[in-house]
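The values are calculated or read from the model by the stated rules, or taken from the named source; none is laboratory data. All of these numbers come straight from a predicted model, not from anything done at the bench. Using ideal geometry, Cβ is built from the backbone for each residue, glycine included, and neighbour counts are taken over all protein chains shown. Heavy atoms of the whole protein, side chains included, go into the accessibility calculation; ligands, DNA and RNA do not. Shrake-Rupley method; radii C 1.70, N 1.55, O 1.52, S 1.80 Å.
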Amino acid sequence: MAEPSLTSLLGRVGRDRVLTVPNLLSLLRLAGVPLFVYLLLVPGGAEWGADIWAIVVLAIGGITDWLDGKLARLLGQYSALGALLDPAVDRLYILAALLALGVRDVVPWWAVAALVARDLVLGATLPVLRSRGYGPYRVTYLGKGATFLLLYAFPLLLAAQAEGWFADLARPFAYAFAVWGTALYLYTGLLYLAQFVRALRTPPVPVDPGPVDAGSADAGSAAAARAAPEG
């Protein structure tokens, strides 16, 4: 099987549409991040009602995360901004949940440090990739799976802090999602770093300054598409 090209993994830098339905849904999810943190921290851990609303906000974020990808495919509204914004919002939800649950002693601080360090390291590589003519990392199925596992683990961990039959039922699932999500999240971080090393060993590609063909098949190919000369 042929090895995938770097442009298919990383994309190319280029201009693209901004006002699309998937991007608006991503912005809606982004607006939910501060509300999610407030519900987890400001009322206090004893406020189980606030935790329920935090779970609702997280669930809405998960639904819109699935929906914006679905609509991007159905409507053909892929964009360079969407390819960057969608995973960035996922990272913000994970970061917000990790820090809040760490403060509440629900998640151990070593796990918080490991997962946050993964995103910080990958974030530090993005300017280098851009300087060499590549866009951000394309989200893989494994990466998306790791994100979903963690986003499912967080509300279950919250539910497991309560008392009663539901907490007892949620606890083993919470730990399973958390362990597998953490392992897969760190593993996919290593896969992205391997792409970064490969990009460093490859001659830089010229940055495409032209507009991107809106009919490209996916976010990576859309960013890599050569535009017709302007004028």
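A few points about this structure:
- The accessible surface of the range 26-108, taken with every protein chain in place and a 1.4 Å probe, is 75 percent carbon and sulfur.
- Table column - 3J(HN,Hα) (Hz), the range 175-181, Karplus curve with 6.51, -1.76, 1.60, x for Gly and Pro: 5, 5, 4, 5, 5, 5, x
- Surface share of carbon and sulfur [accessible, 1.4 angstrom probe, percent] for the range 130-173: 65
- Per residue value of the accessible surface for the range 22-143 (all protein chains in place, 1.4 Å probe), Å²: 49
- Pairwise label distance in nanometres, LEU30 with LEU126, each label 7 Å out on the Cα-Cβ vector: 1.1
- Additional length obtainable on full extension of the chain from ARG91 to VAL42, 0.36 nm per residue less Cα span: 15.5 nm
- Distance between the modelled labels on LEU191 and VAL56, one decimal in nanometres: 3.6 nm (7 Å Cα→Cβ projection).
- Approximating the spin labels as points 7 Å out from Cα along Cα→Cβ, the THR202-to-LEU67 distance works out to 3.6 nm.
- Subtracting the Cα-Cα distance of ASP168 and ASP105 from their residue separation scaled by 0.36 nm leaves 20.8 nm.
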